[in-house]
Amino acid sequence: MESLKFIQKLKQTLLEVEVSKTDNLFFVENDYDLVRRVKHFTIKKLREENTRSSSLQNFIHDLLSRDIFNARIRYCIVKLREFSIEKSRYFHHISQAIDLFLAGQGMHLRGWDTNNIDYLISLELSNCFQPWYRPEDIFLIDFAEQRQLIIVAPEHRSWNVSNLGHFLLRMPTFEAIAFLCALEVVMTLERYQNMYISLPMLEELAEGQVERHKRYPYSLSLFGILPKPYSKQRIQVSEFGRSLLTYVKTNLTRFEELFLFLIEAQAAGIQYEEDSEAANLIEDIVESQFLIDDQRKSIETAHRLYKSGDYLDSMRILYPVLEGTLDTVLRIVELEPSSFRGMRSKLEKLEKEGLLSTRMSTGLEIFASRNKIVHGNILENDEELARPLFSLILAYLRRLLAELSETTIR
């Protein structure tokens, strides 16, 4: 099934981003001066051309559409980077590629100069301006970035896999497709409802309602819900699509809670850790001076439950440790925890006393407010949705304890 292949390729793309944080081939920063020079060259060439082919009309349309032409320049730069061509040579190759592209309209290019490697590189680049040209690898990168599965890391001039992306990597195929489908529904604004799956569209398609001449998001084809555009198949929701959409519709509220948690944790600086890192996190945490023996035992018990697949039970043990940590610090500074109403007032006091940074305080509020994910919003048979919380809370708890250790000493 095509949707299974798509998920495999998307996961492979995320893994490639993960291992190439400082030098990702597809991360291209806008070079406005280069684009301006290329456009100036192209306009000058077009004034000299008399060709009226449809391919040239498409090319002019792309040229006048800023986003499309910039994307084609990006395709060229990716290829040039792949060949380790120096930036100073970019304009030479791209302008020559456009020259070759325009020369090829209405006739076949004759006689490749196989002894001139620069010519062959430019000839290869000329394909980037063909209307059909859209590299799958770059499409997958764009797909991931548009859905916040990867986010820009300016300091590395590349991307990082986000909490959403890390969670997707660990999902079985069916749940991964449902995850992406629900993500589009939750994040789609009304003005983008033709680009992504919207809530009204979800409800209509789940009932099998399809409008023959309506423009549907391409992702519906990628997810195996509708046939690919321009295919000869009848436009109707597949049986797999009906099952998928029904599952998404039924679990949409819980998906939304999960997305918000992962995104808010990312904003607070808490990165989803690999499952293999959990043991290292546990080791760092249990050595903290702020934990009493019972809390250390609770964390180790939670880790055993997590490894056995009892994600909800592991979470129900971890959450009280967060508030217990605050109580311990309050006692260290000679304040009685029972004199504060709820976690928020404790956070405000510790922040006011300079023992907790605003970022850590905000992060803890996020984790505390998402406690309802564990208590009530996730049913026993939906434990997979609780899985990312464990690693995220461990990562947060380790950072919280390290910050408290530093501030109390100071």
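The values are calculated or read from the model by the stated rules, or taken from the named source; none is laboratory data. Note that the coordinates shown come from a computational prediction; the quantities given were computed from them, not determined experimentally. Cβ atoms come from the backbone with ideal geometry, glycine included; neighbour counts cover every protein chain shown. In case anyone asks, the SASA skips ligands and DNA or RNA and just uses the protein heavy atoms, side chains included. Shrake-Rupley method; radii C 1.70, N 1.55, O 1.52, S 1.80 Å.
Across the accessible surface of the range 218-364, with the other protein chains kept in place and a 1.4 Å probe, carbon and sulfur atoms take up 47 percent. Note on F91 and E287: the extension gain reaches 64.8 nm, defined as 0.36 nm multiplied by sequence separation minus the Cα-Cα distance. For the range 112-185, relative contact order (Cα pairs under 8 Å, six or more residues apart, normalised by length) works out to 16 percent.
In a fully extended conformation the segment linking E48 and K307 would gain 86.4 nm over its present Cα-Cα distance, using 0.36 nm per residue. Computed over protein heavy atoms with a 1.4 Å probe, the accessible surface of the range 1-45 works out to 63 Å² per residue. Available extension along the chain between S345 and R66 is 95.3 nm, counting 0.36 nm per residue and deducting the alpha carbon span. Scoring 175-186, 197-208 by mean Cβ neighbours within 10 Å over their residues and listing the highest first yields 175-186, 197-208.
Relative contact order, percent, of the chain when contacts are C-alpha pairs under 8 Å separated by at least 6 residues? Over the chain, the number comes to 15 percent.
For the chain, give the magnitude of the charge dipole about the Cα centre (Cβ charges: +1 Lys/Arg, -1 Asp/Glu; no others), in debye to the nearest 20.
1720 debye
Legend: residue pairs K45/K228; K9/K79; K11/K228; K5/K307; K11/K249, Cα-Cα distance threshold 26 Å; pairs beyond threshold, K45/K228; K5/K307. Would you mind classifying the range 1-90 by shape? Square roots of the alpha carbon gyration tensor eigenvalues, ordered a ≥ b ≥ c; an a/c under 1.5 is rounded, otherwise it is prolate if a/b is larger than b/c and oblate if not. In terms of gyration-tensor shape, oblate.
Across q = 0.09, 0.14, 0.17, 0.21 Å⁻¹, the range 166-319 modelled as identical point scatterers on its alpha-carbon atoms has Debye log10 I(q)/I(0) values of -0.43, -0.79, -1.00, -1.33, in the order of the q list. Solvent-accessible surface of the range 255-343, taken per residue with a 1.4 Å probe and all protein chains present: 48 Å².
The relative contact order of the range 145-192 comes to 27 percent, based on Cα pairs under 8 Å that sit 6 or more residues apart. Would you work out if the chain is rounded, prolate or oblate? Take a ≥ b ≥ c from the square roots of the eigenvalues of the alpha-carbon gyration tensor; rounded if a/c is under 1.5, else prolate when a/b is larger than b/c, oblate otherwise. Because a/c hits 1.5 or more and a/b exceeds b/c, the chain counts as prolate.
Just to verify a number: FRET efficiency for R242 and L15, C-beta to C-beta distance, R0 = 35 Å, to 0.05?
Result of the calculation: an efficiency of 0.65.
Only helices reaching 30 angstrom along their own axis (Cα) with mean Kyte-Doolittle hydropathy no lower than -0.5 count here, and for the DSSP H runs of the chain these are 311-332, 387-409.
Report note on the peptides 393-405, 332-344: ranked by the mean count of other C-beta atoms within 10 Å, highest first, their order is 393-405, 332-344. What percentage of all Cα-Cα pairs in the range 154-225 are separated by more than 17 Å? Of the Cα pairs, 51 percent sit more than 17 Å apart. Distance between the modelled labels on Y119 and V35, one decimal in nanometres: 3.2 nm (7 Å Cα→Cβ projection). Sparsely packed loop sites in the range 195-253 (the chymotrypsin sites (Phe, Trp or Tyr not before Pro) outside DSSP H, G, I, E and B with at most 15 other Cβ atoms within 10 Å) comprise Y218, Y230.
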